[in-house]
Structures are given as structure tokens and as C-alpha cells.
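S.K.: One structure coming up, written as C-alpha cells, with questions to follow.
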Amino acid sequence: MLGFALAAALTLYAFVTAGGVDLGPNTWAELVLLLIGVALAVAVLVRGAPGRAWGGATFALLAALTAFTALSIAWSVQPDNSWTEANRAVSYLAAFGGAVALARLFPERWPALIGAIATLATALSAWALIVKVFPGTLDPADPLGRVKAPFDYWNAVGLIGALGLPTCLWAGSRSEGSRALRALCAPAIALLATALLLSYSRSAVLAAIVGTCLWFALGPHRLRAVVPFAIGLAGSAILTLWALSTHPLTHDGASLSSRTAAGHSFGVLLALVLVVTTAGGFVAAFAVDRVVLALDTRRRIGTVLICLVAALPLAGMAALAASSRGLTGEVSHLWSNLTNATQVTGDVPGRLVQLGNSRPRYWGEALRVGEHNLLAGVGALGYTTARTRYTLDRWLVGHAHSYVLETFADFGLIGVLLNLALLAAWALASARTLGAKVGGVSRGRASSAERAGMVTLLCVVIVFGISSAVDWTWFIPGTAIPALLCAGWLAGRGPLAQRIGVRSKSLRLSRRPALATALGGMLAAALLACWLMLAPLRASDADSAAVLALTGGDARAALADARTAAARDPVSIEPLFELSAIYSSLGNQAAAHAELLDATSLQPANPETWQQLGLFELQQHQPQQALAALQRALTLNRRSEPTIQAIAQARSELGISATSG
């Protein structure tokens, strides 16, 4: 029951949240996570059994990284975005800490977490395919062939499918589970693999391959998983090949009527495949329960499977060596294609086997941003603003498409070192959890089953880590939170032979004044954090009210609302722009100009502030002042067409020819 409740909560979270700097539902979802995390922390302090604080060092380092994210508001090139990212970091810290607390309080409930992620991934993958089945009802305005619901980002859909594969392998192979649930893993794998492939996400496919191979290499029940896995992959192959051969379903620009017809046909095939794979799953579950192999036979088959997995890279190297370029020449050619910053790959199925991509361009820009802000970076989420001074690319890019390189750009060497320390601490904590023996005491049968679950959690985290290394999925809560829960549980569980759990009686706070003081401080800090997290949303609401009042002709009310927005979020430039527009409508051009000057003082490295100032001065027939501001804007955003056009107008009014210096 706990697993289904957690799956429902995670599914709802994935649907209502979004990546980037969106407020609205994101803020409320982050607040809920924070409150849950604080409640679990209180529960550990009051009801947790005594013992070592497993995962404490990892949590402390993640808290330090979160604090550094918040501190970066002070030097950020766009501090309002950094504030939004700090809110997300706090919610991620709460999710990780909540998982650490749950692992300590209820260590035997680890199956609920794995089952929840399996259910979440299957449900979201199914939804992505259902949107393709009923495009006219669920998404009539989307002409793209790649699946992208519910995240509105295809790589996130592929990642959620990849995250679900290790959990479904575990669920389909465990001897303790019900036969019906094990049988349903085959159609679940079919859904996961189909959504993964139809997302055309190469990073997700790579992560899925690594995670699946790792599970088979480390998992103790690999033989029991082979048959449902093969059935699921066979079903996925049928669905994927049919979809890829149906142009209106998987290619861009098809008409709604053709997409609807193709979607309905795909839906019929999808239903048939699910029925057949479910039947195959039941047959496999019955067969696995009845067939008992000798220990030596199981070991031999398991060894063969591991050797087959290990042979995959060797076969790849042999194929490269047999090519016309030879091994070194082929590797050089592949590396050249992979790192070519000028290549662009279209949203077509063939991209799955192509190496060309736009990421080297984003990564190169991130390196340049970090190199020029080496110690502390440009502030959380500052990459998207800072990159424009180093690139001639016209595309609006929100992230560096690599957690590692965006960390370097946003947080500099300090952030990189913090992340390395965090990774090392988590790796040590996870290794302690997965260790074979503790103090010479073997795990026993129950702990053997638990270790299989911990291996599954490890595979989920590694899948997410691979994706985040080459994409921006860290900033999408629907994919990041499940991975954080797995990582937190691994860090907080501690050695499997250790006895942890809940005290028989709660601590009496009246006899523990130090603990009562600590709890009071924790609750006060949580309330302060909630107030700070709500501030950007409240400022945005006031700013929207100001725009509405100004549109309705009520300049006085608009002025009051804009001032409220500026007070609630003192690092945002949007209220200052609104105040300038309001003062201008009231005929107070001096005050309007002063607000724009304040914006340039608040965010001097943001090209938008200088552009707005230059445009205003141009409207006020002050071309000399406008030209200075616009040229500053152009140095910060080298390909801004509005800025280039405004500079041309200012130079024309000053009588400066286009060819003069």
C-alpha cells in the first residue's frame, strides 16, 4: 500500500512540475517536499533507534552545496533565476534527507520504494504512448514525432523509461513477490522500452544499456529476470518497428487527421501486444516457479550471461577494428563526429544511430563561462545569461546539457570540488550498504533479498547519473526526485546486518532540553525557508497584477502592485521594468529612466537590462546615451537582433555611418 501511495505522489509530482525557472505549481510542490522532509527529520530525532548516523556526511555535503547555491544569489549574473534554483535545491535536499530518514526508520520497506519507481516509470511511459494514440484529444497542437509527454521534453521521457527497467527486472525476478505482479513486469518492460526508443534519446538509450547490464552483472536473480525481460523486449520491438514505419506517427509535420488515424491503429496494436506480453508473463512466472535448477547449473548459466554482457564492448571493438579505417582510425572518426560543434541532428528516428549533436557547442560555451569566472562561477542558473557574451549562436539555450559542465559554469571550482566530495561520500556510504559482511557477520537470507534491492537502487542512480552527465535532466523534478530517493536510501541504510528502526517509546522532550531546542530551531528554519521560497511566487503574482491593472488603465493600482513585487523579490528586474512602464504612462519620464538605471545596477551582467535602458533612451530622443547602453548590451549578447537594430537607429540619428568605427 505504501508503494502505491508513493507511486501516486511521484506521478502527480511529475505531472504538475516542470524544469527551468517556472514558478506556480513548482513552488508549491517544493514546499510540500520541504515539509515532508522536515517531518521525517523530526521523526528520526524523536522515534529513531539509537546508532550511527548513516549517510550523515553525505547529507551534510549536499546541504553545503545547497547553501552555496543560495549564496550564489549574491554574485549571480541573474540572481532571480538563482533564487529559483536555490528553492529547487532545498526541495532536492529535503527529498534526499527524507529518503535517509525513511531508510533509518523503516529499513524493511525498501520494496515499496522500488515498486513505486517501477509503477511511476510504467505509468508515465504508458501516458507518453497514449498521447500518441489519441493526439486529437490529448495534444492536438503538437506536430512532432518524438514522444515528450508528460515532461514536454523527449529526453526526460526516455530517461524515465530507462529508470524503470532495473526496477521492473527486480520486480519480475523476486521470489517473494506475487505471481501476478511478476507477470505484469513483461508488459511493463514493453511500455518502458517503447517509450525509451520512440523518444529518440541517445543519452537515455545509453543509460538504459549501462543500467540493465549492471543489474544483470550484480543482481543475484538474473536468471529469473531473463524470460520476462525477453518477452517485454519482443513486445517493444513489435511496437517500435511498427511505429517507426508509420510516417505520421513518428515524423514531424504530419496533419492532425493522419496522426489521429495512425495513432488509433497504433493503439490497437499496443493493446494486442500488452495482452500477449501479459499472457507470456504469466506463463513465464508459472514456469519459473515450477522449474528448479541445480546450484551448479544456475552458476554456469549466470556465468554465461555475465560473459555475454562483458563481450558486448569487445564485440564493438572488433567491429571497429574490422572497418575500413581500422580501430584507431574509426575511433578517431567517431570522436570527431561526437565532438563536432557544428553538427546538428534532426528529430528523426535515424538520430538513434548518429553521433552528431549540438551538445559540444553548449559544453564549449560552459567551459568558456567557467574559465572566465573560475572560482565561484556566474551563480546558479547563470549559464543561460552568461553564455550569450561568448557565442554567436541564435538559439535560446536554458542549460548546458551537462550537470558537470553547468556546475563548472555556475559554481566554478568551488562547486566542482563540493560535488566531488559529495560524490565520494555517497559512494562510500553506498559501498558500506552493499558490503558483503560487517564485523564478520554474514547477511543471511533476508539480507540477501535486501541486497538485491539495494543493487536495483544503485542501478537507478547510475542510470540517472549518466543521463545528467550529458543532459539537463537534473533540473526536471519528475526525473530527479526518484533518483534522489534511491540515492538517499542507499546512503542512509547503512550495513544491512545492522539493527535500525523505530524506538519502542518516543523520547520525552521535557527530559531532553537540547533535543527540544534543536527541534525548535529546525522548525523555525523550516518556516523561514518556506517564507523565502514563496517570495518569488508572491512577487510574480504582484507583478502580474500590476500588468493587469496597467492594461486596465488603473496606473495607480499598477504602481502599488509593482512596488509590492519589487519589495517581495528585491533581486528581480521584472518589477523594475513594470515600474518604468507605469511611470512612463503617467508622464514621469525621469522616474521611468531611474527604474531602468536601477535595473542595470541590480543585474549589470544581464544584457536585457542595458537593452531596455537603451531602447527607452532612444524613444526619449537621446541617441548618444542610448548608443552607450546598447553597445554594452551587445557586448553581453552578441547576436541580439533587437539590440543590433536599435544600435543602427541610434547611429543613424547621430549621423554615424554604418561603416565608421
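S.K.: Any idea which residue in the stretch 580-591 is surrounded by the most Cβ atoms within 10 Å (Cβ to Cβ), counting only those that are over 40 Å from the mean Cα position of the chain (by Cα) and part of a helix (DSSP H, G or I)? So that I can check it myself, show each step before the final result.
M.R.: Here is the first cut: in the stretch 580-591, the residues over 40 Å from the mean Cα position of the chain (by Cα) are 583-591.
Still in the list and also part of a helix (DSSP H, G or I): 583-585, 589-591.
Numbers: Tyr583: 21, Ser584: 19, Ser585: 14, Gln589: 14, Ala590: 7, Ala591: 15.
Per the stated criteria, the residue is Tyr583.
S.K.: Of all residues being under 11 Å from Pro143 (Cα atoms) and in a helix (DSSP H, G or I) in the stretch 245-256, which is modelled with the lowest pLDDT? Just the residue, please. Talk me through it step by step, then tell me what you get.
M.R.: Residues of the stretch 245-256 under 11 Å from Pro143 (Cα atoms): 248-256.
Still in the list and also in a helix (DSSP H, G or I): 248-250, 256.
Details: Pro248: 90, Leu249: 88, Thr250: 85, Leu256: 90.
Filtering the stretch 245-256 for residues that are under 11 Å from Pro143 (Cα atoms) and in a helix (DSSP H, G or I), the one modelled with the lowest pLDDT comes out as Thr250.
S.K.: Which residue is surrounded by the most Cβ atoms within 10 Å (Cβ to Cβ), if the candidates are limited to the stretch 158-205 and must be of a type in the set (D, E, K, R) and farther than 18 Å from Gly145 by Cβ? Outline the logic, then answer.
M.R.: Taking the stretch 158-205 and keeping what is of a type in the set (D, E, K, R), we get 174, 176, 179, 182, 202.
From what's left, farther than 18 Å from Gly145 by Cβ: 174, 176, 179, 182.
Working: Arg174: 21, Glu176: 8, Arg179: 13, Arg182: 24.
Among those residues, the one meeting the criterion is Arg182.
S.K.: Taking the stretch 1-48 on its own, how many of its residues are closer than 20 Å to Thr119 by Cα and polar (S, T, N, Q)?
M.R.: Of the residues in that region, 2 qualify.
S.K.: Kindly evaluate Ala605 against the criterion of being out of contact with any helix residue (DSSP H, G or I) (no Cβ under 6 Å at 6 or more places or on another chain) and either surrounded by 21 or more Cβ atoms within 10 Å (Cβ to Cβ) or in a loop (DSSP other than H, G, I, E, B) (or both). Give the steps one after another, and end with the answer.
M.R.: Values: out of contact with any helix residue (DSSP H, G or I) (no Cβ under 6 Å at 6 or more places or on another chain): yes; either surrounded by 21 or more Cβ atoms within 10 Å (Cβ to Cβ) or in a loop (DSSP other than H, G, I, E, B) (or both): yes.
Judged against the criteria, Ala605 is a match.
S.K.: Let me ask another. Please report, ordered by residue number, the helices (runs of 4 or more DSSP H) entirely within the stretch 470-579 with at least 3 residues that are modelled with pLDDT of 85 or more, over 29 Å from the mean Cα position of the chain (by Cα) and crowded, with 21+ Cβ neighbours inside 10 Å. First the steps, then the outcome.
M.R.: Numbers: elements: 477-493, 513-551, 555-568.
Where helices (runs of 4 or more DSSP H) fall fully within the stretch 470-579 and carry at least 3 residues being modelled with pLDDT of 85 or more, over 29 Å from the mean Cα position of the chain (by Cα) and crowded, with 21+ Cβ neighbours inside 10 Å, they are 555-568.
S.K.: A follow-up question, please. Hey, any hits in the stretch 617-640 for a residue that's within 21 Å of Asp543 (Cβ to Cβ) and outside any helix (DSSP H, G or I)?
M.R.: Of the stretch 617-640, the ones within 21 Å of Asp543 (Cβ to Cβ) are none.
Within the stretch 617-640 (the criterion being within 21 Å of Asp543 (Cβ to Cβ) and outside any helix (DSSP H, G or I)), the answer is no, since none of the residues qualifies.
Quick grid of which residues meet (1) assigned to a loop (DSSP other than H, G, I, E, B); (2) under 28 Å from Ala254 (Cα atoms); (3) assigned by TED's automatic domain parsing to the domain that holds Ala243:
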position	(1), (2), (3)
Ala128	no, yes, yes
Gly136	no, yes, yes
Pro140	yes, yes, yes
Leu206	no, no, yes
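S.K.: Considering only the stretch 372-394, state which residues are part of a loop (DSSP other than H, G, I, E, B) and surrounded by 18 or more Cβ atoms within 10 Å (Cβ to Cβ).
M.R.: Applying the first criterion (part of a loop (DSSP other than H, G, I, E, B)) to the stretch 372-394 yields 372-382, 390-394.
Correct list: Asn373, Ala376, Gly377, Val378, Gly379, Ala380, Leu381, Gly382, Thr391.
S.K.: Quick check on my filter: what residues within the stretch 208-244 are crowded, with 18+ Cβ neighbours inside 10 Å and not in a helix (DSSP H, G or I)?
M.R.: Scanning the stretch 208-244 gives Gly219, His221.
S.K.: Now a separate question. With the checklist (1) in contact (Cβ under 8 Å) with a residue 24 or more places away in the chain; (2) more than 34 Å from the chain's Cα centre (by Cα); (3) under 20 Å from Ala581 (Cα atoms) in hand, flag the one item Gln622 doesn't pass.
M.R.: Among (1) in contact (Cβ under 8 Å) with a residue 24 or more places away in the chain; (2) more than 34 Å from the chain's Cα centre (by Cα); (3) under 20 Å from Ala581 (Cα atoms), Gln622 violates only (1).
S.K.: In the stretch 99-108, how many are assigned to a loop (DSSP other than H, G, I, E, B) and modelled with pLDDT of 95 or more?
M.R.: Let us first name the residues in the stretch 99-108 that are assigned to a loop (DSSP other than H, G, I, E, B), namely 106.
From what is left, the residues that are modelled with pLDDT of 95 or more are none.
Residues in the stretch 99-108 being assigned to a loop (DSSP other than H, G, I, E, B) and modelled with pLDDT of 95 or more: 0 in total.
S.K.: Which ones in the stretch 53-98 are out of contact with any helix residue (DSSP H, G or I) (no Cβ under 7 Å at 6 or more places or on another chain), under 21 Å from Leu423 (Cβ atoms) and outside any helix (DSSP H, G or I)?
M.R.: Answer for the stretch 53-98, where residues must be out of contact with any helix residue (DSSP H, G or I) (no Cβ under 7 Å at 6 or more places or on another chain), under 21 Å from Leu423 (Cβ atoms) and outside any helix (DSSP H, G or I): just Ala53.
S.K.: Out of everything in the stretch 406-427 that is in contact (Cβ under 8 Å) with a residue 12 or more places away in the chain and closer than 17 Å to Pro495 by Cα, what residue ends up being surrounded by the fewest Cβ atoms within 10 Å (Cβ to Cβ)?
M.R.: Among residues in the stretch 406-427 that are in contact (Cβ under 8 Å) with a residue 12 or more places away in the chain and closer than 17 Å to Pro495 by Cα, the one surrounded by the fewest Cβ atoms within 10 Å (Cβ to Cβ) is Ala425.
Here is a yes/no grid of residues against (1) at pLDDT 90 or above; (2) charged (D, E, K, R); (3) surrounded by 13 or more Cβ atoms within 10 Å (Cβ to Cβ):
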{"site": "Leu615", "(1), (2), (3)": "yes, no, yes"}
{"site": "Gln624", "(1), (2), (3)": "yes, no, no"}
{"site": "Ala628", "(1), (2), (3)": "yes, no, yes"}
{"site": "Gln631", "(1), (2), (3)": "yes, no, yes"}
{"site": "Arg638", "(1), (2), (3)": "no, yes, yes"}
{"site": "Glu653", "(1), (2), (3)": "no, yes, yes"}
{"site": "Ala658", "(1), (2), (3)": "no, no, no"}
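The values are calculated or read from the model by the stated rules, or taken from the named source; none is laboratory data. The structure presented is a predicted model; accordingly, all values stated were derived computationally and were not measured. As a convention, Cβ positions derive from the backbone with ideal geometry for all residues, glycine included, and neighbour counts pool all protein chains shown.
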